[in-house]
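Scroll down for the structure; my scribbles are underneath it.
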Amino acid sequence: MRGVGCGSERGVDPLAALAGELRALPPSCGPVRLVAVDGHAGSGKTTFAGRLATALGGAPVVHLDDLATHHELFGWTDRLRTQVLEPLAAGRDAEHRVYDWTLRRFAGTVRVPSAPVVLVEGVGAGRREVRPWLARVIWMELEAAAARRRGEQRDGPELAGFWAGWARAEAAHFAADPSRPYAATRVDGVTGRILPGTVGEPADRPLTCDITRI
């Protein structure tokens, strides 16, 4: 999704307001406020995370597509924990390996600086095993079928087979481990606007960092 904006009302920029609110949250992963941007594939997570990172003054963004693989679409939690979460929780910069979806292997690394706010974006970013480390879950509001149509249009017919398999895996994941009920902030996946009444709402359950719980 490109060219999506977050509008302002009465001169107040909701994205800037959200960035300020995130900075004011208690740290959740060592000194870091870890924020998940979750939603269906094709719902605009990457675009929104990029805009939010800019509003935060250049916050680091961890892309879960870099940690997943063809054979482990949702089997990336150990890599996220050992390569990203544990170093950040210890007050250190993190570095994780990057999966190359063309070569079908990990190739290269990405550094994730320890910062006041670090974003993690991708399907399942707000999953059960990650929530203890999170200060906030943000959910992109776009139903699965519409998000899939957008993704298929973006990726072209040559990836239709991959999308069919992905849709089944994603549906199974969210059926067993939904993220949306834990999202205190929700964003319209079509317009990119933060939905009224969600910014500042507490999550359904407290989110705290407990290094022994993952």
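Scan segment 78-101 residue by residue and report those that are in a helix (DSSP H, G or I) and either among the basic types (Lys, Arg) or surrounded by 18 or more Cβ atoms within 10 Å (Cβ to Cβ) (or both).
Selection gives 79, 80, 81, 83, 84, 85, 87, 88, 89.
Only residues in segment 29-53 that are more than 16 Å from residue 173 (Cβ to Cβ) and basic (Lys, Arg) count as the first member; pair them with residues that are in a loop (DSSP other than H, G, I, E, B) and open to solvent by 10 Å² or more (accessible area, probe 1.4 Å), Cβ under 7 angstrom, at least 6 apart or cross-chain, and list the lot.
33/25; 33/27; 33/116; 51/6
So which residues in segment 8-57 are in contact with a Cys (Cβ under 7 Å, 6 or more places away or on another chain), within 30 Å of residue 152 (Cα to Cα) and among the hydrophobic types (A, V, I, L, M, F, W, C), if there are any at all?
15
Looking only at segment 109-124, filter to residues that are open to solvent by less than 40 Å² (accessible area, probe 1.4 Å) and in contact with a His (Cβ under 9 Å, 6 or more places away or on another chain); which one of those is farthest from residue 178 (Cα to Cα)?
So, considering only residues that are open to solvent by less than 40 Å² (accessible area, probe 1.4 Å) and in contact with a His (Cβ under 9 Å, 6 or more places away or on another chain), the one farthest from residue 178 (Cα to Cα) is 112.
Name the residue that is nearest to residue 14 (Cα to Cα), counting only residues in segment 56-77 that are small (Gly, Ala, Ser) and buried (at least 20 other Cβ atoms within 10 Å of the Cβ).
59
Restricting to segment 141-184, give me the number of residues that are among the charged types (D, E, K, R) and in a loop (DSSP other than H, G, I, E, B).
2
Taking the options 106, 48, name whichever one is among the aromatic types (Phe, Trp, Tyr), open to solvent by 10 Å² or more (accessible area, probe 1.4 Å) and modelled with pLDDT of 95 or more.
Selected residue: 106, the only one of 106, 48 that is among the aromatic types (Phe, Trp, Tyr), open to solvent by 10 Å² or more (accessible area, probe 1.4 Å) and modelled with pLDDT of 95 or more.
I'd like to verify a number: residues in segment 18-41 that are open to solvent by 10 Å² or more (accessible area, probe 1.4 Å) and more than 18 Å from residue 93 (Cα to Cα), how many?
Of the residues in segment 18-41, 8 are open to solvent by 10 Å² or more (accessible area, probe 1.4 Å) and more than 18 Å from residue 93 (Cα to Cα).
Tell me, which residue of segment 111-166 that is touching a residue at least 24 places away in the same chain (Cβ under 8 Å) and among the basic types (Lys, Arg) is nearest to residue 24 (Cα to Cα)?
136
The values are calculated or read from the model by the stated rules, or taken from the named source; none is laboratory data. Predicted model, so just to flag it, every value in this text is computed and none were measured. Note that each Cβ is placed from the backbone with ideal geometry, even for glycine, and that neighbours are counted across all protein chains shown. To get the accessible areas, we keep the full protein, side chains included, count just its heavy atoms, and leave off ligands, DNA and RNA. Shrake-Rupley method; radii C 1.70, N 1.55, O 1.52, S 1.80 Å.
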